[in-house]
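The values are calculated or read from the model by the stated rules, or taken from the named source; none is laboratory data. Computed from a predicted structure; not experimentally measured. For neighbour counting, all protein chains shown are included, and Cβ atoms are generated from backbone atoms with ideal geometry for every residue, glycine included.
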Amino acid sequence: MQQLWLIPCLPLLGFVLLVLGHGRLSRSLVRLVGVGSVALAALATMWVAQDYYAAVTAQAYQVLLWPWLSVAGLEVGFGLYLDGLSLSMLFVITGVGTLIHWYASGYMWQDADYQRFFAYMNLFVAAMLMLVLADNLVLLFLGWEGVGLCSFLLIGFWYQDPANGYAARKAFVVTRVGDTAFAIGLFLLYRELGTLDLPTIMRLAPEQFVMGANQPTLIAALLLAGALGKSAQLPLHTWLPDAMAGPTPVSALIHAATMVTAGVYLIARNHAVFLQAPDVLFAVALIGLATILLSGFTALNQTDIKRILAYSTMSQIGYMFFALGVGAWSESIFHLMTHAVFKALLFMTAGSIILALHHEQDIRAMGGLRRQLPVPFWCFLIGSACLVALPPSSGFFSKEAILNASWQLPVYGPWLWAGGVLGAFVTAIYTFRLFFMVFFGAQKGQTEEPKGWQFHPPLIILAALSLVAGWFVLPAGSVLPASPAGHPPIWTVAVAVGLPLFGIGIAYQVYVRHQWQWLRLDPWQGLRQFLRAGWGFDWAYKQLLLTPFMGLARVNRNDLIDGLPKFVVLISRWLHGLFSRLQNGQLRFYIATLAGAAIVVLALALKVL
Amino acid sequence: MDSQYIDHAMILAGLLFCLGLVGVMVRRNLLFMMISIEVMLNAAGLAFIAAGSAWGQPEGQIMFLAVITLGAAEVAVGLGLTLLLFRHHNNVNVDHLNLLRG
């Protein structure tokens, strides 16, 4: 496991090479460095994993590379920490990351800024690996901000269009709200426990904190706020749909598979703190559930293929939060992994469709693509089946485990379960609405499918992984608290499987056979508009925050605080004008003032005045 | 000289000095201004002489010699400047010399 440092360093090296060699490397060399660095990191992960499993007792491995900060008792180092949880994340980041880089090397081939793209992507992977391997919260925060920066850079990758720049700034500012809370949470944690070292926190938190007391609740709530911003959960979710302005591989890697799940990782990593704050944990479940339902109903009314997938990402991360909240810790990480695989598959397939249709993203302009794009058709079908959690796809295993755990929560369990199942039902409708609108019906427009070794193999590998990922056993279970034992009644499983199937049936009736059109709610355009606009969150934030802020800015355009220095300037300018009038070039005036002044001085000297 | 006359001499010197000062202030012609300055200088010289005579001290006359020297130097420079002024402006009006105003 001594090779652990290699894993984040390889993509970082790739980034450095790509930045220093800007404009000097050929396209194929850029491809080799950009994809190769991540692929090598994946190989290094395999190597480390082999050592990890070979050890008789799977122990956590901690190594200090070099000290970083040493201030007044606070010792922070560049230290790496490997346990089952971070190893699971490593598999996801390097494995899915390699496939997405592979795909992106073809997807972005025509782009003028090929090298810049791969430099940012490699930096992102390095920062994300730093985030999951950090052995203290400060280093984790470094990776956390690093991925935020790369997200900003890649959303605004095509910066010539001001709308993309706006989307990038929005993502940056909204996540910054959560990050500020996260930073305050770190300060509080340090004040309470005197350390930011993760293994020490895990050990100290149950001893030092009283269950449900104020300090752990406040700290957990602040950490949760950071996680909400990064993972696009209510109420800091508004940036994710707009983040789809970035290139599609970016959406697949950052805004579906890895970065947006960092919030889930943060909560799972700090589970010892969250376990001491049951109220916050319950809030996590409620926020997750609210996000599932809100984004599900929004996705029903979207027309942009990538925005539908973005809302489905929010809703699936909602399931992960939901799972964390109900105590199904390892199921949440399990769902994180399966979701990373199948959502990357869905996004990359969507990318192929978009390329095939000459950058058309509106699903109303698509249709009948089943015969023209057979490989994307099958890949999308597999991805959709996972998203809807049809057995025996990977999504089925993870989502069923989450729903089963939620049933067993005392008192509110069945209600939470019902909400989760309703979410699954809505997921089925919007997923297959998308699927049927894109692949069935009348054919519209000409297609030109991107083929070749950069397009089909990653899709097929991911599709195969999506099917079988449910059978993997993640090493995260050894780190996280045990999930609720026992089984809910068998009818709950039947409902949880049957309701999504019913949802698919509805989608089939409405969008393929064109029956049951009243379900489209055409007479209530206002309601549909409201749902399409994401329940008016953007509007509300604009009214509540942006408009007053802009008003204040307009009032303060002349900078009220600057008034005092400006007043001093004004006074001295006035005095200057006054005195300069004395120097009028009139010799006789000078003599007269000289004489007058002499008289005054004489009078003063003689004490006459 | 009796010390009782010093008051008269001082009043005369003061009057002369004020006359010269007023002349400097109200005259525009540089030549007349210089004459007025001479009057002021001599008023000061008269004050020195009177004071020296009143107290029987020789310094008063020495100071008067210094004042005469000063006046001669001032006239030498001043007349040169006046000559130059006349060549540039074709008159000797000091109010035309106002280029250095603020």
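The single condition among (1) within 30 Å of A:Ala60 (Cβ to Cβ); (2) assigned to a helix (DSSP H, G or I); (3) of a type in the set (Gly, Ala, Ser) that A:Gly327 does not satisfy is (2). Of the set (1) under 19 Å from A:Gly596 (Cα atoms); (2) within 14 Å of chain A (Cβ to nearest Cβ); (3) out of contact with any helix residue (DSSP H, G or I) (no Cβ under 7 Å at 6 or more places or on another chain), all apply to B:Ser36 but (3). Of the residues contained in the range A:411-425, none is found to be within 16 Å of A:Ile353 (Cα to Cα) and either in contact with a strand residue (DSSP E or B) (Cβ under 9 Å, 6 or more places away or on another chain) or buried (at least 24 other Cβ atoms within 10 Å of the Cβ) (or both).
When A:Leu560 is tested against (1) surrounded by 11 or more Cβ atoms within 10 Å (Cβ to Cβ); (2) more than 14 Å from chain B (Cβ to nearest Cβ); (3) aliphatic (A, V, I, L, M), just one condition goes unmet, and that condition is (1). Remark: pairs (first residue in the range A:89-109, more than 12 Å from A:Val35 (Cβ to Cβ); second residue assigned to a helix (DSSP H, G or I) and aromatic (Phe, Trp, Tyr); Cβ separation under 8 Å; 6+ apart in sequence or on different chains) = A:Met89/A:Tyr265.
Within the range B:1-35, the set of residues being closer than 19 Å to B:Ala73 by Cα and either in contact with a Gly (Cβ under 8 Å, 6 or more places away or on another chain) or acidic (Asp, Glu) (or both) comprises B:Leu30, B:Phe32, B:Met33, B:Met34, B:Ile35. Within the range A:184-196, being within 11 Å of A:Val138 (Cα to Cα) and either in contact with an Asp or Glu (Cβ under 7 Å, 6 or more places away or on another chain) or surrounded by fewer than 16 Cβ atoms within 10 Å (Cβ to Cβ) (or both) holds for one residue alone: A:Phe187. A:Ile461 meets all of the listed conditions (1) farther than 20 Å from A:Cys379 by Cβ; (2) modelled with pLDDT of 80 or more; (3) of a type in the set (Val, Ile, Thr) but one, namely (1).
Residues checked against (1) surrounded by fewer than 20 Cβ atoms within 10 Å (Cβ to Cβ); (2) in a helix (DSSP H, G or I); (3) in contact (Cβ under 8 Å) with a residue 24 or more places away in the chain:
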{"position": "A:Leu123", "(1), (2), (3)": "no, yes, yes"}
{"position": "A:Met128", "(1), (2), (3)": "no, yes, yes"}
{"position": "A:Gly143", "(1), (2), (3)": "no, yes, no"}
{"position": "A:Val147", "(1), (2), (3)": "no, yes, yes"}
{"position": "A:Phe152", "(1), (2), (3)": "no, yes, no"}
{"position": "A:Tyr159", "(1), (2), (3)": "yes, no, no"}
{"position": "A:Gly165", "(1), (2), (3)": "yes, yes, no"}
{"position": "A:Ala168", "(1), (2), (3)": "no, yes, yes"}
{"position": "A:Phe172", "(1), (2), (3)": "yes, yes, yes"}
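If you check B:Val75, B:Val67, B:Val92 for being surrounded by 13 or more Cβ atoms within 10 Å (Cβ to Cβ), hydrophobic (A, V, I, L, M, F, W, C) and within 14 Å of chain A (Cβ to nearest Cβ), only one passes: B:Val92.
For A:Ala494, the criteria (1) in contact with a helix residue (DSSP H, G or I) (Cβ under 7 Å, 6 or more places away or on another chain); (2) in a helix (DSSP H, G or I) hold in every case but one, which is (1). Beta carbons closer than 6 Å, at least 6 apart along the sequence or on distinct chains, pair a first residue in the range A:506-523 that is at pLDDT 80 or above with a second that is charged (D, E, K, R) and surrounded by 10 or more Cβ atoms within 10 Å (Cβ to Cβ) for A:Ala507/A:Arg433; A:Tyr511/A:Arg433.
If you check A:Ala597, A:Ala603, A:Ala592 for being free of Cβ contacts under 8 Å to residues at least 40 places away in the same chain, away from chain B (no Cβ under 14 Å) and either acidic (Asp, Glu) or surrounded by 10 or more Cβ atoms within 10 Å (Cβ to Cβ) (or both), only one passes: A:Ala603. Of A:Ile254, A:Ile287, A:Ile219, A:Ile267, all but one fail to be more than 30 Å from A:Ala119 (Cα to Cα) and assigned by TED's automatic domain parsing to the domain that holds A:Thr180; the exception is A:Ile219.
If A:Leu289 meets every condition in (1) part of a helix (DSSP H, G or I); (2) closer than 21 Å to A:Ala171 by Cα apart from one, which number is that one? Unmet condition: (2). The set of residues from the range A:563-589 being of a type in the set (A, V, I, L, M, F, W, C), within 14 Å of another protein chain (Cβ to nearest Cβ) and over 30 Å from B:Leu30 (Cα atoms) comprises just one member, A:Leu575.
May I ask you to list the residues in the range B:7-33 that are more than 10 Å from every other protein chain (Cβ to nearest Cβ), under 27 Å from B:Leu85 (Cα atoms) and part of a helix (DSSP H, G or I)? Scanning the range B:7-33 gives B:Phe17, B:Leu19, B:Gly20, B:Gly23, B:Leu31, B:Phe32. Return yes when A:Ala225 is in a helix (DSSP H, G or I), of a type in the set (A, V, I, L, M) and closer than 27 Å to A:Phe117 by Cα and no when it is not. The answer is no for A:Ala225.
Condition first: under 27 Å from the mean Cα position of the chain (by Cα) and either surrounded by fewer than 22 Cβ atoms within 10 Å (Cβ to Cβ) or without any contact (Cβ under 8 Å) to a residue 24 or more places away in the chain (or both). Now tell me which residues in the range A:365-384 satisfy that.
Within the range A:365-384, just A:Leu381 meets the criteria.
For every residue, the table says whether it meets (1) closer than 21 Å to A:Thr313 by Cβ; (2) among the aliphatic types (A, V, I, L, M); (3) not assigned by TED's automatic domain parsing to the domain that holds A:Gln302.
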{"position": "A:Gly351", "(1), (2), (3)": "yes, no, no"}
{"position": "A:Leu357", "(1), (2), (3)": "no, yes, no"}
{"position": "A:Arg364", "(1), (2), (3)": "no, no, no"}
{"position": "A:Phe377", "(1), (2), (3)": "no, no, no"}
{"position": "A:Ala389", "(1), (2), (3)": "yes, yes, no"}
{"position": "A:Ala405", "(1), (2), (3)": "no, yes, no"}
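A:Leu40 satisfies every condition listed in (1) outside any strand (DSSP E or B); (2) surrounded by 23 or more Cβ atoms within 10 Å (Cβ to Cβ) except (2). Please work out if A:Asp304 is in contact (Cβ under 8 Å) with a residue 60 or more places away in the chain, acidic (Asp, Glu) and within 28 Å of A:Ala168 (Cα to Cα). Yes, satisfied.
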